[in-house]
Amino acid sequence: MSYSETVNTTILFVKQKLENAEGGHDWFHIERVYKNALLIANSEVCDITVVKLAALLHDIADSKFHNGDETIGPKITREFLESQKVDQVTIQHVIHIIENISFKGGNFEKNFSSIELDIVQDADRLDAIGAIGIARTFNYGGFKNRPLYNPNIAPKLRMTKEDYKNSEAPTLNHFYEKLLLLKDKMNTKTGKQIAQERHKFMMTFLSQFYAEWDGEK
C-alpha cells in the first residue's frame, strides 16, 4: 500500500473512531489540525508522511476522555499503523509525537524532538487559540458543566501536570492557564506568525467579555 493510500485509510479510520466525540475534539478538530500542519510543513524540511499521520492520529484517544490514561492513544495508533504495514521507524516517530504533543499544564518537558513534532504541535496549538479556540474552550466547559466565569476564583498560573488534568476551574480561567501562553510556545516561524493574530483576537474577546460582565456596555 502506498503512503497516500495509507493516509486516506487513516482518514476513514479516524472519522469512524471519533464519530461521537465531544465537539472540540471531533473529526473536524483533526481536519483543522491536519490543514494547519500541511500549511506549516510547506515552509519546513520534513517527512510529510509522518506529519500527516501524526496530525490525523494525535487525538485518536485523548487522555482527558479516558480517565487520564495516556497509553491508549499510542496503543491504538501502533495497532492501526501496523495493520496498514507502515514501517516501524515511521510508526515509532508518530507515537513519539503523540506522546509529546500535549500542553499538560505547560510544565511538561518533552523527551523527544523533531521538526515533525514541532509542526504538528504548532498545528494543534493553533486550533486552541483564536475564534475557534474560544469556541472549543466554551464547548468543553459546557461539556464538563463548568461555570463561564467566577471572579472569586483566580487562575492558577503554575500548575503541575496533575493539577492541570484535574482542574475544575471556570472556563475563562483556561485562557490564562493555557490559551494566552501558547503564542510564546510556538516552534515554527509560520506557527508564530499565525499565533500572533489569533492571540490578538482572544485579547479583544476578553476585553469585551469583562466589559459586558461588569455592565459597562
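The values are calculated or read from the model by the stated rules, or taken from the named source; none is laboratory data. Only a predicted model underlies this, so the values are computations on that prediction, with no experimental measurement involved. FYI the Cβ positions are ideal-geometry reconstructions off the backbone, even for glycines, and counts take in every protein chain you see. Side chains are part of the model used for accessible areas, which takes the heavy atoms of the whole protein and leaves out ligands, DNA and RNA. Shrake-Rupley method; radii C 1.70, N 1.55, O 1.52, S 1.80 Å.
Of everything in the stretch 47-77 that's open to solvent by 40 Å² or more (accessible area, probe 1.4 Å) and not in a helix (DSSP H, G or I), which residue is modelled with the highest pLDDT? Residue satisfying both the conditions and the ranking: 47.
Yes or no, residue by residue, for (1) closer than 25 Å to residue 142 by Cβ; (2) open to solvent by 10 Å² or more (accessible area, probe 1.4 Å):
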residue: 14; (1), (2): yes, no
residue: 25; (1), (2): yes, yes
residue: 34; (1), (2): no, yes
residue: 39; (1), (2): no, yes
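Of the listed requirements (1) modelled with pLDDT under 95; (2) in a helix (DSSP H, G or I); (3) under 19 Å from residue 9 (Cβ atoms), residue 82 misses just one: (1).
Condition check ((1) among the aromatic types (Phe, Trp, Tyr); (2) modelled with pLDDT of 95 or more) across all residues:
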residue: 2; (1), (2): no, no
residue: 9; (1), (2): no, yes
residue: 13; (1), (2): yes, yes
residue: 18; (1), (2): no, no
residue: 22; (1), (2): no, no
residue: 32; (1), (2): no, yes
residue: 36; (1), (2): no, yes
residue: 39; (1), (2): no, yes
residue: 43; (1), (2): no, yes
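Within the stretch 113-150, the set of residues being aliphatic (A, V, I, L, M), over 30 Å from residue 47 (Cα atoms) and either in contact with a Ser or Thr (Cβ under 8 Å, 6 or more places away or on another chain) or crowded, with 20+ Cβ neighbours inside 10 Å (or both) comprises 134, 148.
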